[in-house]
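**Q** Sharing a structure below in structure tokens format, with a few things to ask.
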Amino acid sequence: MAAPTGIKSPTRARIAARTLRTDRWWLYPTFTALVLLAFVVYATYRAFVGEHYFAEPYLTPFYSPCVTTECVEGSSHLGTWVGDWWPLSPAVLILVIPLSLRLTCYYYRKAYYRSFWMSPPACAVGEPHRRYTGETRFPLILQNIHRYALYLALAYNVLLTYDAVMAFKSPEGEWGHMGLGTLILVVNAVLLGLYSLSCHSCRHIIGGRLRNFSKHPVRYRAWGMVSVLNGRHAQLAWASLVWVAFTDFYIWMVASGTWSDPRFF
Ligand code: FES
């Protein structure tokens, strides 16, 4: 049998107790697991339900862009070029992009490795696994696609910004409309944009591999700004996650007639 790795490896200190910590270290991973689980259940239901995703002029981010012929009238801002061959809800086609970004995000990796795989559950708390191979093998080696997921997500953010702009158009087709839904969609686009810009890969793309910052003043400035956001990446990850679910929920309620959208202009 191969020699154990990780905390059971022969080079690690022999400590019988799983942890010597006396604080409530389990609170963070438990809370994280509950929130992520709630989001996954909610998003899966909404992605497959295939209704109440458009309340003119609001299109929920879960179904944007809506590109199959199944999309309800008025919701296909980019046309229905996918046609009718796609057998599932149109949301499933789209959600692959934000999902791949979040699943491979450095922050979420830490969060779900701790919460679900307990690898390790917290600092200075032993993990239950005998072996540790990191992200060197399939399937975790696929985490390396993160940079490419970011490129797609940046394009997706442009579409969500477009949706937020379209939310200033009234159902009658006139510009200057503003309802509570407009504000919610604007905040959603801003939060998702900030979350993407604060990404570690984004920071590396902007300022990485430079030998000399003084020869690249523009990139250096941009790197400085992105670095400030990067320090808030975890908070932006949570805020954008909760807000995108809230945005969808709000539009669901308006589209289903459960409540009406307060209109300011
Ligand atoms: Fe979180 Fe890139 S590290 S989105």
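The values are calculated or read from the model by the stated rules, or taken from the named source; none is laboratory data. What you see is a predicted model, and the numbers here were worked out from it, not measured in a lab. Here Cβ is always computed from backbone atoms with ideal geometry, including for glycine, and neighbour counts include all displayed protein chains. SASA here: full protein model, heavy atoms, side chains in, ligands and nucleic acids out. Shrake-Rupley method; radii C 1.70, N 1.55, O 1.52, S 1.80 Å.
**Q** Which one of these is over 16 Å from Leu241 (Cβ atoms), touching a residue at least 12 places away in the same chain (Cβ under 8 Å), within 16 Å of the ligand (Cβ to nearest atom) and surrounded by 13 or more Cβ atoms within 10 Å (Cβ to Cβ): Gly193, Gly207?
**A** From the options Gly193, Gly207, the qualifying one is Gly207.
**Q** Could I ask something else about it? Does Tyr250 fit the bill of being within 16 Å of the ligand (Cβ to nearest atom), under 25 Å from Ser64 (Cα atoms) and either open to solvent by less than 50 Å² (accessible area, probe 1.4 Å) or in contact with a Ser or Thr (Cβ under 8 Å, 6 or more places away or on another chain) (or both)?
**A** no
**Q** Select from segment 86-115 the residues that are at pLDDT 95 or above and not in a helix (DSSP H, G or I) and list them in ascending order.
**A** Cys105
**Q** Being open to solvent by 60 Å² or more (accessible area, probe 1.4 Å) and in contact (Cβ under 8 Å) with a residue 12 or more places away in the chain is true for just one of Tyr28, Tyr108. Which residue is that?
**A** Tyr28
**Q** Separate question: Quick test for you: out of Thr133, Thr161, pick the one residue that is more than 16 Å from the ligand (Cβ to nearest atom), of a type outside the set (Lys, Arg) and part of a helix (DSSP H, G or I).
**A** After ruling out the rest, the residue left standing is Thr161.
**Q** Here's another thing I want to ask about it. For residues in segment 78-102 being touching a residue at least 12 places away in the same chain (Cβ under 8 Å) and under 19 Å from Leu140 (Cβ atoms), which is nearest to the ligand (Cβ to nearest atom)?
**A** Ranking the candidates gives Leu101 first.
**Q** Going residue by residue through segment 166-188, is there one that turns out to be under 16 Å from the mean Cα position of the chain (by Cα), surrounded by 18 or more Cβ atoms within 10 Å (Cβ to Cβ) and part of a helix (DSSP H, G or I)?
**A** Checked against the condition, which is being under 16 Å from the mean Cα position of the chain (by Cα), surrounded by 18 or more Cβ atoms within 10 Å (Cβ to Cβ) and part of a helix (DSSP H, G or I), segment 166-188 yields at least one hit.
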